[in-house]
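The block underneath contains the structure these notes are about, expressed in structure tokens.
Every read-out reported here was derived from the displayed coordinates using simple, explicitly stated rules and does not represent laboratory data. Worth saying up front: this structure is predicted, and the values here are computed from it rather than measured. Note: ideal-geometry Cβ built from the backbone for every residue, glycine included; neighbour counts use all protein chains shown.
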Amino acid sequence: MNTAAMSEPHDGPLRAAPGMAELFDLDWQRIVRALPSRERYKYVQPRVQREGRGWKIVSPNCSRNIDREGGEIDIAWFEPDAAQPGRWHLHACDHAAGRWVLRRSDLTLPQAITLVCTDTERVFWK
């Protein structure tokens, strides 16, 4: 795995409670480690970076379906559920509207990662 292409877990203004930084780092590492097992666009080098309270995957758009120049596009956003610790919301990017769309809720992080890596409905990797 080329970890040089991955963003460090502390991109942006993250303010964690004492002891929480390790959990954020662990979540980041789980996502980063799972990406090489994805079924689509295995030849690109996606990055994982901070998005709000969670993490987003950004990747070069080599198919040029979304960005004709082949620039980076948002793929998925893993957002922790504030009301249910250990549960996550999974969002896909609606590139035409320029916004995140909630795809699934009440997931564990491994379940959310699996949905993004398999992407049988081509919701994330377009």
For this session: Taking the Cα centre of segment 17-118 as origin, work out the dipole magnitude from +1 charges on Lys and Arg Cβ and -1 charges on Asp and Glu Cβ, in debye rounded to 20.
Result: 260
Problem set entry | Amide H contacts of residue 51 (H built 1.01 Å from N, under 5 Å, at least 5 apart or other chain) | 56
Seminar exercise, completed: Amide H neighbours of residue 87 at under 5 Å, excluding residues fewer than 5 places away on the same chain, with H built from the backbone geometry, are 81
Seminar exercise, completed: To the nearest 0.05, the calculated FRET efficiency linking residue 104 and residue 62 through their beta-carbon distance, R0 being 41 Å, is 0.95
For this session: Please turn the phi angles of segment 44-57 into ³J(HN,Hα) values with the Karplus equation 6.51 cos²θ - 1.76 cosθ + 1.60 (θ = phi - 60°), one per residue in order, whole Hz, x for glycine and proline.
Result: 9, 10, x, 10, 10, 9, 5, 9, x, 8, x, 10, 10, 9
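If you take the Cα Rg of segment 17-118 and divide it by 2.2 N^0.38 Å, with N the number of residues, what do you get? Provide the component values of the computation, followed by the final result.
On the way: Rg = 13.7 Å, N = 102, 2.2 N^0.38 = 12.8 Å.
Computed over Cα atoms of segment 17-118, the ratio equals 1.08.
Ranking 126, 42 by Cβ neighbours within 10 Å, fewest first, what do you get?
Details: 126 16, 42 10.
Ranking 126, 42 by Cβ neighbours within 10 Å, fewest first, gives 42, 126.
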Problem set entry | Label zone at residue 37 (point 7 Å along Cα-to-Cβ), backbone N below 11 Å, segment 93-126 | 110-111, 113-115, 117-118
